[in-house]
Amino acid sequence: MPVGLLQTIKLLSRRSKMAIAMAVDAIIAAAALWMTYAAPTLELFPNFIVKFWWILPLASATTIVAFYVFRLYHTVIRFAGSRFFLNSMIASLFVAWIIGIVALINVYSGGGRPTAIFVIYPFYLMVGTAGIRLLARRLLEVQIYPTEAKKVSVIYGCGSGGTQLFSSIRYGSVYKPIAFVDDDKLKQGQSVYGLRVYAAKKLPSLIKTQNVTTVLLAIPSTEPIRRAEIVKYLQTLDVQIETMPSFSELVTAQATYSDLRTLSIDDILTRTEVVANEELAGECVTGKSVLVTGAGGSIGSELCRQILQRNPSTIVLFDIAESALFFIQQEIEKRISSASSDTSVFTVLGSVTDESRLREVFLQHKVESVFHAAAYKHVSMLETNPLEGARNNIVGTRCVIDAANWASCTSLVVVSTDKAVKPTSFMGATKRIAELLIQAKSSPNSKLRTCLVRFGNVLGSSGSVVPIFQEQINCGGPVTVTDPNATRYFMTIPEASQLILQAGAMGSSADVFVLQMGEPIKIIDLAKRMVALAGKTIKDENNPTGEIEITFTSLRPGEKLHEQLSHNENLEKTAHEMILMSKEEMTDRDNTLLIMNRIEEAILLSDVEELILVMKMLIPDFIPSWDSTQLPNVDTLDRSNKAQAEKIQ
């Protein structure tokens, strides 16, 4: 059949396609009945058919009606499954018995018994109607979706994920699955959807003999450690590796089985993925007016997406960065429109250091829950810009909690960092002061429930090590690692955002929550994995012809060799098995607030030396990366602030 004719039929309306199917079934029904009596006697015009010729059009009409009633004309033939063919069988039996009864009534007076109609006719009818559909499906496969345009693929995983993936990509995709691979010995050697299931050790020979170019990972619920082992094995083979979405993405409808992608660093984390407790995640946001500071940032934007999934009445996006705020606004509005949600979204340009602006916004939108994600976070940047770092991270946090208390908000969650634990960087010191400030301004008797969320490095966030490594790899290297022994805790952006949401439900008075993050990962190991994920080889003394070299610099000012998540390792379990609460010693409230006033005064005067001095009153062990003779330069704006403060005094 010419491709042009198939394409023409494919473009016809639904009614036209149904009419063609009915006409074909009518011909098959009549031909099957004729063959029922012609085949045994090898007569072209059997006596029964000659005598009761009118039964042929009756069989055709009955078949059309029966098939319509059983909804066989409402199924897209490319996706017809076992249920369709079962219904086809039942409909054929129904037609045969109707025609048989009619024939029996007419033939009975003559002493005949049209038993062939009851036994043979349904077999011919089933074979004919099912066969023509299978033929049509095969023609569509071969001619409309030519095999030469497809990637010859093996699906790794023969469970529900693998079979669902096969059904999703079987037609109209760029993949041509030729086999399954599974670790379950009971499945090996069996046939699923006509494809054989092999053991993983057979992959090298399959790749060689069948010209396999792609392995599709379909193991969404496999434990991360085992998944990492599988990926490591596949990376030794000369194939492209693609994966279907994770279990949590499928459950929350963020992706479908056919949304294949190349491997990311998330796929080789050897830690169990943290799944959100929906009851906790929705408590502070569902049906409420919610505000997110730093809404355009990596954490803030994902936090907005997660909040939107849990149906707030209002979501206020607050950020000082105009472009970032515009992009997250466009995305959130698009998601609201596609989901037909009644959530209202508002964007507000403003700084968290402007308390009057915050009060105005909180009051206007009747904000109930606040998620404070706005912060300067780049260690090296804040080492040379301490005044702005302190103004944004410390004063901004004070303005947010004061405005939230003034506006009678019910929940405030402040995003912190592992760098606030025994800080060695100025950024970490500002975040530690912000933590102490929240503790000092919180009270168990207050309407405002507060908590702090502390986590490690977030994979893929702006400025984190992962995108930096990716850019270096794309440029051909070298990949720069600070120290061969440096380690970090890692989590994904969705994990970080879900932790923040759930903490809001569990916090009461400046409680500190951390994620159970397993063992820290060596940065050098992360770099090697990313090189392998990119399909490159490492250039070193063992492989001088490799593509990407890894070089070591040294720890930058303020950086640690290893990070910690708590000050004293005194961690308690919470309502979520993967979230822990850090029990930490509280500082004197009144003393902290007095020191805070001095910190703000030093910032206003642009006095870096005084700022460090008063910060050390709260964190005595903090030693800045510069000494008094190497204070960072104060910019023109800071000098004008200092002059203005002197006039006020």
### Task
Output the residues belonging to segment 123-182 that are modelled with pLDDT under 80, among the aromatic types (Phe, Trp, Tyr) and under 23 Å from Met89 (Cβ atoms).
none
### Task
Among the residues of segment 488-512, count how many are hydrophobic (A, V, I, L, M, F, W, C), in contact with a Leu (Cβ under 7 Å, 6 or more places away or on another chain) and under 21 Å from Leu448 (Cα atoms).
6
## Note on the structure
Within segment 525-540, of all residues that are crowded, with 16+ Cβ neighbours inside 10 Å and over 21 Å from Thr492 (Cβ atoms), the one modelled with the lowest pLDDT is Lys536
### Message
When you scan segment 180-196, do you find a residue that is of a type outside the set (D, E, K, R), within 24 Å of the chain's Cα centre (by Cα) and either closer than 14 Å to Gly157 by Cβ or in the same structural domain as Gln164 (by TED's automatic domain parsing) (or both), even just one?
### Response
no
### Query
Looking only at segment 501-512, which residues are assigned to a strand (DSSP E or B) and either aromatic (Phe, Trp, Tyr) or surrounded by fewer than 24 Cβ atoms within 10 Å (Cβ to Cβ) (or both)?
Ser509, Asp511
### Summary
The number of residues in segment 196-234 that are outside any strand (DSSP E or B) and closer than 26 Å to Pro494 by Cα is 15
### Task
Could you please find all residues in segment 426-473 being of a type in the set (S, T, N, Q) and outside any helix (DSSP H, G or I)?
Ser442, Ser443, Asn445, Ser446, Thr450, Asn457, Ser461, Ser462, Ser464
### Query
Of all residues in segment 397-425, which are touching a residue at least 60 places away in the same chain (Cβ under 8 Å), in a helix (DSSP H, G or I) and of a type outside the set (D, E, K, R)?
Val400
### Query
Considering only residues of segment 17-45 that are surrounded by fewer than 16 Cβ atoms within 10 Å (Cβ to Cβ) and small (Gly, Ala, Ser), which is modelled with the lowest pLDDT?
Ala39
### Query
In segment 315-322, is there at least one residue being in contact with a Leu (Cβ under 7 Å, 6 or more places away or on another chain) and in a helix (DSSP H, G or I)?
yes
### Message
So, restricting to helices (runs of 4 or more DSSP H) that lie completely within segment 342-394, which ones have at least 2 residues that are farther than 25 Å from Thr450 by Cβ, modelled with pLDDT of 95 or more and out of contact with any strand residue (DSSP E or B) (no Cβ under 6 Å at 6 or more places or on another chain)?
### Response
none
### Query
Any residue in segment 599-622 that is in contact with a strand residue (DSSP E or B) (Cβ under 7 Å, 6 or more places away or on another chain) and modelled with pLDDT under 90?
no
### Task
Please work out which residue is surrounded by the fewest Cβ atoms within 10 Å (Cβ to Cβ), limiting yourself to segment 563-582 and to residues that are modelled with pLDDT of 75 or more and aliphatic (A, V, I, L, M).
Ala575
### Task
Filter segment 317-340 down to the residues that are in contact with a helix residue (DSSP H, G or I) (Cβ under 7 Å, 6 or more places away or on another chain) and not hydrophobic (A, V, I, L, M, F, W, C), then identify the one that is modelled with the lowest pLDDT.
Arg335
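Each row is one residue, and each column tells you yes or no for (1) aliphatic (A, V, I, L, M); (2) within 22 Å of the chain's Cα centre (by Cα); (3) surrounded by 21 or more Cβ atoms within 10 Å (Cβ to Cβ).
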residue: Ser298; (1), (2), (3): no, yes, yes
residue: Cys304; (1), (2), (3): no, yes, yes
residue: Thr314; (1), (2), (3): no, no, no
residue: Asp319; (1), (2), (3): no, no, yes
residue: Phe327; (1), (2), (3): no, yes, no
residue: Ser340; (1), (2), (3): no, yes, no
### Task
Scan segment 40-68 for residues that are of a type in the set (A, V, I, L, M, F, W, C) and either in contact (Cβ under 8 Å) with a residue 24 or more places away in the chain or under 18 Å from Val24 (Cβ atoms) (or both) and report the count.
11
### Task
Identify the single condition in (1) modelled with pLDDT of 85 or more; (2) buried (at least 19 other Cβ atoms within 10 Å of the Cβ) that Ser408 does not satisfy, given that it satisfies every other one.
(2)
### Message
Looking at segment 328-339, can you tell me whether even one residue there is assigned to a helix (DSSP H, G or I), assigned by TED's automatic domain parsing to the domain that holds Thr417, in contact (Cβ under 8 Å) with a residue 40 or more places away in the chain and closer than 18 Å to Ser289 by Cβ?
### Response
no
## Note on the structure
Among residues of segment 479-500 being under 18 Å from Met578 (Cα atoms) and of a type in the set (Ser, Thr, Tyr), the residue surrounded by the most Cβ atoms within 10 Å (Cβ to Cβ) is Ser497
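The values are calculated or read from the model by the stated rules, or taken from the named source; none is laboratory data. This one's a predicted model, so the numbers in the text were calculated from it and none came from an experiment. Positions of Cβ are backbone-derived with ideal geometry, glycine not excepted, and every protein chain shown enters the neighbour counts.
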